[in-house]
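Participant: Mind having a look at this structure? Questions to follow.
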Amino acid sequence: MTPTARPSAIAGYEDWPDYVREHPLHAASSAAAQELADALGVPERGALPEVTVHWEETYDGATTSQLSWQLGFGPRTTGWLVKPAGSLGPLPGVLALHCHGGNKFGGADRLVELPDNHPSAAAARAGHYDGRALATDIARRGFAVLAHDTFAWGSRRFNLETPPWRTASATAARRAQWREDGVVPSEAEEYNAAAGFHEDTVAKAAGLLGTSLTGMVAHDDLAALDILAALPDVDQDRLGCIGFSGGGGRSLALAALSPRVRAAVVTCMMTTFESLFPAYLDAHSWLLQTPGLWKLGDWPELTCRAETARFLVQYALADELFPEDGMRQADRLLESMHTGTDTYTGSFWPGGHVFTAGMQDEALDFLAGTLTS
């Protein structure tokens, strides 16, 4: 009897191991940033990829273009460039970094007003962004904004049509629960359930390869930052990044790894590592919890590895994912580390784990004050 072949645990990314083996780690511009790159295992990204423009449309004061590019491994990346309608460059540029949100079926589409938004993107926007299209709103304030799918999300997601055995077993249990509850899941819900279990497999593979989920996400984000900086109507000396939740962690890592970043917004993604033990560890994905990262110092201390960035860190007092005492302690640490400078601003907001309209307005004012003055 012929044994059943095991499905690939990294379908769509079979070329990932060779890429990591063949590329050195990201070469940072400072010793402090290099320590972080090494701890995360960020691979060097190689030459600037060729960008294809698929379509362009102007609506309600913003011009949106769908772009794509091929990195050195895995599926092709989709991104959206949004600018003020009729703008003449060079414009300050912002990289808009989507959240984790338990939604890997989609990616940056949750941040952009599109002619036909997928229901999963609309749901993510309603649930996490107060119904607003963050990237489009930033563009209307006078910025060129690039929002891209990062490693394992959206166009860069893994192929889970035939999931690996452990993921398949867990997904089967979820389907049984849906049937018992009379729920008919959508394609996105089916994928996101599988991807939630599969994230452990991705993190395991990354660790074996000497990298991490955060390191691979940072690889994709650094490549997108290079693409944004190279656009002809973008001022490469006035670049920032913004993210909520997992996107906030991406914003912090990107600012620490690249001196191109002059302004970084970190929303609902700041605490002390100690405050996560023992009750809050299970609330977070591998994006926050890279093995060994604490050896470099606490999460707030990563801001000191950024050479040029000013930070706005926004906290939600009723955030379900972070204890208030951890956020307060992080704020005190950041205040002490940035004393006498204008490199840190912290603000506390009521409510839960949501990037509210008020928080977004404050973030846009911060980006405008930092990058357009």
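Participant: What is the log10 of I(q)/I(0) for the range 189-343, computed with the Debye formula using one identical point scatterer on each Cα and no solvent, at q = 0.14, 0.16, 0.21 Å⁻¹?
Facilitator: -0.74, -0.96, -1.44
Participant: Dipole of the chain (Lys/Arg Cβ +1, Asp/Glu Cβ -1, origin at the Cα centre): which of P291, A123, S336 lies farthest to the positive side?
Facilitator: Positive-most Cα among the choices belongs to P291.
Participant: Now for a separate question. Leaving out ligands and nucleic acids, note down the accessible area per residue over the chain with a 1.4 angstrom probe, in whole Å². Working shown, then result.
Facilitator: Working: 15370 Å² over 373 residues.
About 41 Å² of surface per residue is accessible.
Participant: Follow-up question, since we're still on this one. Taking 0.36 nm per intervening residue step and subtracting the Cα-Cα distance, what contour gain separates E320 from A47 on full extension?
Facilitator: Details: separation 273, 0.36 × 273 = 98.28 nm, distance 4.09 nm.
Working it through step by step, the gained length comes to 94.2 nm.
Participant: Provide the packing ranking of 323-329, 298-304, 16-22, i.e. peptides ordered by the mean count of other C-beta atoms within 10 Å per residue, highest first.
Facilitator: Peptide ranking by packing, descending: 298-304, 323-329, 16-22.
Participant: Please list, short to long, the whole-number percent of alpha-carbon pairs of the range 118-209 in consecutive 10 angstrom bins beginning at zero.
Facilitator: Per 10 Å bin, starting at zero, the Cα-Cα P(r) for the range 118-209 comes out as 13, 35, 31, 16, 4, 0 percent.
Participant: Radius of gyration and Dmax for the range 273-373's Cα atoms, expressed in Å?
Facilitator: So, for the range 273-373, Rg and Dmax equal 14.4, 44 Å respectively.
Participant: Rounded to the nearest 20 debye, what is the charge dipole size of the range 217-305 about its Cα centre when +1 sits on each Lys and Arg Cβ and -1 on each Asp and Glu Cβ?
Facilitator: Value, rounded to 20: 120 debye.
Participant: Follow-up. Taking the Cα centre of the chain as the origin, how large is its charge dipole in debye, to the nearest 20, when only Lys and Arg (+1) and Asp and Glu (-1) carry charge on their Cβ atoms?
Facilitator: The calculation lands at about 380 debye.
Participant: In terms of modelled amide H atoms, which long-range or inter-chain residues lie less than 5 Å from the amide H of A62?
Facilitator: A85
Participant: Further question on the same structure: What number comes out for the charge environment of S347, summing +1 per Lys or Arg and -1 per Asp or Glu over other residues with Cβ under 10 Å away? Don't jump to the answer; show the numbers that get you there.
Facilitator: Details: positive: none; negative: D331, E362.
Net local charge, S347 excluded: -2.
Participant: Which distance in Å, rounded to a whole number, links the C-alpha centroids of the range 1-62 and the range 304-364?
Facilitator: The distance from the Cα centre of the range 1-62 to that of the range 304-364 comes to 29 Å.
Participant: Reported to two decimal places, what Rg/Rh ratio describes the range 25-162 when computed on Cα atoms with Rh from the Kirkwood expression?
Facilitator: On the way: Rg = 16.1 Å, Rh = 16.2 Å.
Ratio of gyration radius to Kirkwood radius: 1.00.
Participant: What is the dipole size for the range 13-88, taken about its Cα centre, with +1 at each Lys and Arg Cβ and -1 at each Asp and Glu Cβ, in debye to the nearest 20? Mind showing how you got there, number by number?
Facilitator: On the way: 4 positive and 11 negative charges, 34 e Å.
So the dipole magnitude of the range 13-88 works out to roughly 160 debye.
Participant: Once a ≥ b ≥ c are taken as the square roots of the eigenvalues of the Cα gyration tensor of the chain, is the result rounded (a/c under 1.5), prolate (a/b larger than b/c) or oblate (a/b not larger than b/c)?
Facilitator: It is rounded, given that a/c, with a ≥ b ≥ c, falls under 1.5.
Participant: Starting from the 7 Å offset along Cα-to-Cβ, what nm value, one decimal, do you get for the label separation of A357 and T372?
Facilitator: 2.0 nm
Participant: Report the relative contact order of the chain, percent, no decimals, based on alpha-carbon pairs under 8 angstrom and at least 6 residues apart.
Facilitator: Here the relative contact order equals 18 percent.
Participant: If you don't mind, another one. Using 0.36 nm per residue of separation minus the Cα-Cα distance, give me the extension gain between Q289 and D38 in nm, one decimal.
Facilitator: Stretched out fully, the Q289 to D38 stretch lengthens by 88.8 nm.
Participant: Let me ask something additional. Largest first and in whole Å, what are the equivalent-ellipsoid semi-axes of the range 144-280 based on the Cα gyration tensor, each being the root of 5 times an eigenvalue?
Facilitator: Working from the Cα gyration tensor, I get semi-axes of 33, 18, 15 Å.
Participant: Using the Karplus curve 6.51 cos²θ - 1.76 cosθ + 1.60 with θ = phi - 60°, work out ³J(HN,Hα) for each residue of the range 343-351 in order, rounded to whole Hz, and write x for Gly and Pro.
Facilitator: 3J(HN,Hα) across the range 343-351, in whole Hz: 8, 9, 10, x, 9, 10, 10, x, x.
Participant: As an exercise, use a Förster radius of 30 Å and the Cβ-Cβ distance of A126 and V184 to find the FRET efficiency, rounded to the nearest 0.05.
Facilitator: Efficiency, from the Cβ-Cβ distance: 0.90.
Participant: Same structure, new question: Would you mind telling me the antiparallel percentage of the DSSP bridges in the chain, rounded to 5?
Facilitator: Around 45 percent antiparallel, to the nearest 5.
Participant: Now for a separate question. Residue by residue through the range 67-76, what is 3J(HN,Hα) from phi via Karplus (6.51 cos²θ - 1.76 cosθ + 1.60, θ = phi - 60°)? Round to whole Hz and write x for glycine and proline.
Facilitator: Coupling constants for the range 67-76: 10, 8, 8, 10, 7, x, 7, x, x, 5 Hz.
Participant: Could you work out how much longer the chain between D235 and E56 gets when fully extended? Use 0.36 nm per residue separation minus the Cα distance between them, nm to one decimal.
Facilitator: Gain in length upon complete extension: 62.3 nm.
Participant: Near the amide H of R238, under 5 Å away, which other amide H atoms are found, from residues 5 or more places off or on another chain, if H is placed in the peptide plane?
Facilitator: G93
Participant: If the reach is capped at under 29 angstrom between alpha carbons, list the lysines near K295, excluding any in the same chain fewer than eight residues apart.
Facilitator: Excluding near neighbours in sequence, the set is K204.
Participant: Normalise the Debye intensity by I(0) for the range 65-110, one equal point scatterer per Cα, no solvent, then take log10 at q = 0.23, 0.26, 0.28 Å⁻¹ and round to two decimals.
Facilitator: Log10 I(q)/I(0), no solvent term: -1.01, -1.12, -1.17.
Participant: Could you give the alpha-carbon Rg of the range 219-263 over 2.2 N^0.38 Å, rounded to two decimals?
Facilitator: Compared with the compact-globule rule of thumb, the range 219-263 sits at 1.09.
The values are calculated or read from the model by the stated rules, or taken from the named source; none is laboratory data. Keep in mind that what you see is a predicted model, and the values were worked out from it rather than measured. Neighbour counts are summed over all protein chains in view; Cβ atoms, including those assigned to glycine, are modelled from backbone coordinates with ideal geometry. Protein only, heavy atoms only, side chains kept; ligands, DNA and RNA dropped before computing areas. Shrake-Rupley method; radii C 1.70, N 1.55, O 1.52, S 1.80 Å.
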